[in-house]
Amino acid sequence: MPPHPVPLGFVFRSRAKDEKAPADKAQVTDSKQTRDPQAPKGRPTPKRSEAQTQRRSVAQTPSTRKEAAKRQRDDRRVQLEKQRQALASGDQRYLPARDKGQVRKFARDFVDSRFCIAEFFLPMAVVILVLSMVRVGSLQNIALLLWLVVIVMIVVDSIGIAIRMKKQLSTRFPDVPKKGAVPYALMRSLQMRRLRLPKPQVKRGERP
């Protein structure tokens with residue numbers, strides 16, 4: 001009696017199912033298995049503050065060029081407003097770069113604490129100009145003489161301010177760069193007190 005034939009489909013089918021079954025089982029097991037809380041995740045968990053900062057930066061990122069330009073204008077407007085307030089209050093944080101620093105602050109206070117002949121140059125120039133326009137020889141001669149006197153007085157006073165200020169700066173700020181501080185002070189002395197920016201923070205006669 002011939003042996004019972006083995007179906008070919010059974011052989012091939014069994015091997016395919018046997019190979020596939022462990023893989024399917026492993027996938028199901030891996031997907032349903034609960035991860036150990038102590039097991040490493042492959043990356044550190046971000047802190048709450050860092051996560052909030054990242055979300056905020058993503059939310060604040062402009063999506064279009066028009067929005068970016070508008071945001072840039074708004075930031076510029078806010079910065080200018082802070083700078084305007086700093087020029088009135090003397091807040092060092094928001095002052096322009098040319099006015100920042102303790103050396104520049106001392107230079108401003110040094111000039112603001114005294115009477116400078118140069119600050120009266122504009123009013124005197126107006127008076128001299130009016131006198132020179134009058135068609136009277138004596139008045140025109142007086143105007144010319146006043147021009148010379150005013151110029152000499154301003155030069156002498158400015159030289160005195162520069163010498164005294166250099167000594168003060170060398171004493172108070174021996175290790176700090178002082179480049180440009182004296183010309184900065186002399187330029188400020190040419191302005192009328194009420195028009196100076198940043199606004200004077202000391203009274204006349206008060207030691208800086």
Sorting Phe110, Phe121, Phe173 on solvent-accessible surface, 1.4 Å probe, most exposed first, gives Phe121, Phe173, Phe110
The correct ranking of Ile159, Ile128 by accessible area at 1.4 Å, largest first, is Ile159, Ile128
Sorted on mean Cβ neighbours within 10 Å (highest first), peptides 96-102, 149-155 come out as 149-155, 96-102
Applying the gyration tensor rule to the Cα atoms of the stretch 88-186 (axes a ≥ b ≥ c; rounded if a/c under 1.5, else prolate if a/b exceeds b/c, else oblate), the class is prolate
Rounded to the nearest 10 Å², the accessible area of Asp91 using a 1.4 Å probe with every protein chain kept is 40
Phi angles of the stretch 192-208, converted by Karplus (6.51 cos²θ - 1.76 cosθ + 1.60, θ = phi - 60°) into ³J(HN,Hα) in whole Hz with x for Gly and Pro, give 5, 4, 5, 9, 6, 10, x, 4, x, 10, 10, 8, 5, x, 7, 6, x
By the mean-Cβ-within-10 Å protection proxy, highest first, 131-137, 111-117 rank as 111-117, 131-137
Simple spin-label estimate for Gln83/Tyr184, 7 Å along Cα→Cβ, in nm, reads 1.6
With all protein chains present and a 1.4 Å probe, the order of Leu197, Leu186, Leu95 from largest accessible area down is Leu197, Leu186, Leu95
With every protein chain in place, the accessible area of Glu67 for a 1.4 Å probe, in Å² rounded to the nearest 10, comes to 70
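The values are calculated or read from the model by the stated rules, or taken from the named source; none is laboratory data. This structure is a prediction, so every number in the text was calculated from the model and none was measured. When we count neighbours, we look across all protein chains shown, and the Cβ atoms used for this are built from the backbone with ideal geometry, even at glycine. All accessible areas refer to the heavy atoms of the entire protein, side chains included, with ligands and DNA or RNA removed. Shrake-Rupley method; radii C 1.70, N 1.55, O 1.52, S 1.80 Å.
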